[in-house]
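Contents: one structure, followed by commentary.
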Amino acid sequence: MNPLQPLPGHAERTPPGESPVPRDAAAADRRRRILAATGELVAKRGYHATTLELIVRRARVGYPAFYKCFADKEAVFLALFDGAAARTAATVGAAVAARAERPWPERVAAALDALFDSIAASPLPARTCLVEILTAGPAAVARYEAALRAIGIPILQPGRDLNPRAAELSGALEETLAGGVAWMAYQRLVAGEADRIPSLLPEALEFVLMPYLGEEETARAVSALS
Amino acid sequence: MTSQQSEDQDGSPPLPFGPLPSGRHRFSPEQVAHHQRERLIAGLAAVVAERGYAAATIGEIAAAAHVSRRVFYEHFQTKEECFLAAFDVVFEHLGDLLVAAVAAHPGDWPQQVVSGLRAALGFFAERPDLARLFFLESPSAGPALQRRATEVGLLLAPHLRAGREQSRMRDMPDSTEPSLFGAVGSRIRNEVALRGSEGLTALLPEMVEFVLIPYLGGEEARRYAAEAEEDQP
């Protein structure tokens, strides 16, 4: 704790930039602590057993400070999810960008590989994003579906360029495939087998390539993995 | 050929969830359950449909079932256990719908798939309460339910796996069928969450195409999807 941190009410009277700890920096720190505490609690106890009381105690903030940052528990949780989804999108996006010149199946393989590795490397945050999010009410489910589309569509849609009948493929194909991949990870996470998720790569790759490439080219792309 | 039935015949066992909301259902009022356990399952479904699993209390479930709290505890130790029973009733019914679809089209695997998907989508479109319970609320009902949901795809997989006979690609990974069920389930959940269950039957053509592609290839899968679309009411 910074001893020079302004007392409550003091910061409001201090012109911006003159306080030793700028007010928005202190607020940002509180916000970060609330998010971290919520992430730890949800990972340990699940969303519903995580109470606001537990969050403020663990984050070492008061209720007024909490309510300055977030409207309620759901709001913190959704902010936590948004941050994790954005990081996942960035990780996967970087893996794809690093192979921008490579054929599309290789880019998809790189995306799945990065995704599965990041889940296996930090299974607790992954549980928040893939398991707990679905328990947190309609707004959370909508947020989850939006994230699936935001991550899945840009990676998968270029596959349509390789399919002469792409226009006839269902418009929801990408989100359905993304849902299937998420389901593969979900099955392992709820079974406590996050470490097995990276080994799903070949079958997940085959699963998502098949509708675009057909069986022969899919088989070739999957065997090129090893 | 003992248990064969056309998909239009009412051969499915009754669901213990009380009268259906629309006139097109397959369960007569006579089939409405009378046992306490079934009333409790129905009570849970009603309360969960209205308030969600997390907010539902055992007192409310017992009241909706017109039994006392003591009776609830004679049948179930926890709310989660009661939810699991309700989930399994829906799950078993889904299995029955698929068995009926298979029986209705002997030897015609693609039509079995079309018919099974049509029956499942139609069922959830008519029962928004059970669609919510099965797709939206079950992940909230604790680790046992989360694991149970992952078993659905595994237990229904044999219905689809028969299609491997049709496929030149015999060495598909074992996870193909559970993943297809997972993807279909995720698509349905998406629809139910964002737009409600009313429009579920409209997903039939895209679901038919999606499920058949790995077995039949894109062209044939699309043909069945187009046929399914023409047959839509």
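Derivation of every value follows stated rules applied to the coordinates shown; laboratory data play no part. Just so we're clear, the structure is a prediction, and the values are computed from it rather than from any experiment. Every residue, glycine among them, receives a Cβ derived from its backbone with ideal geometry; neighbour counts consider all protein chains shown.
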The range B:215-233 versus the range B:123-176: alpha-carbon centroid distance in Å: 21 Å
Angstrom value of the Kirkwood radius, inverse mean 1/r, which spans all Cα pairs in the range B:126-195: 13.4 Å
Mean ellipticity per residue at 222 nm, deg cm²/dmol - from DSSP H runs of n ≥ 4 across chain A, formula -39500 (n - 2.57): -22000 deg cm²/dmol
Prolate/oblate/rounded label for the range A:121-226 (Cα gyration tensor, a/c 1.5): oblate
Order of B:S175, B:S138, A:S122 - criterion: other Cβ atoms within 10 Å of each residue's Cβ, fewest first: A:S122, B:S175, B:S138
Rounded if a/c under 1.5, otherwise prolate or oblate - chain A, Cα gyration tensor axes: prolate
Farthest positive-ward along the range A:71-226 dipole, Cα basis, beta-carbon charges - from A:G171, A:A109, A:A71: A:A71
Shielding of A:136-142 by partner chains, average beta-carbon count, 10 Å: 4
Lysines whose Cα lies under 19 Å from that of A:K44, excluding same-chain neighbours fewer than 8 positions away: A:K73
Relative compactness, the protein assembly as shown, computed as alpha-carbon Rg over 2.2 N^0.38 Å: 1.08
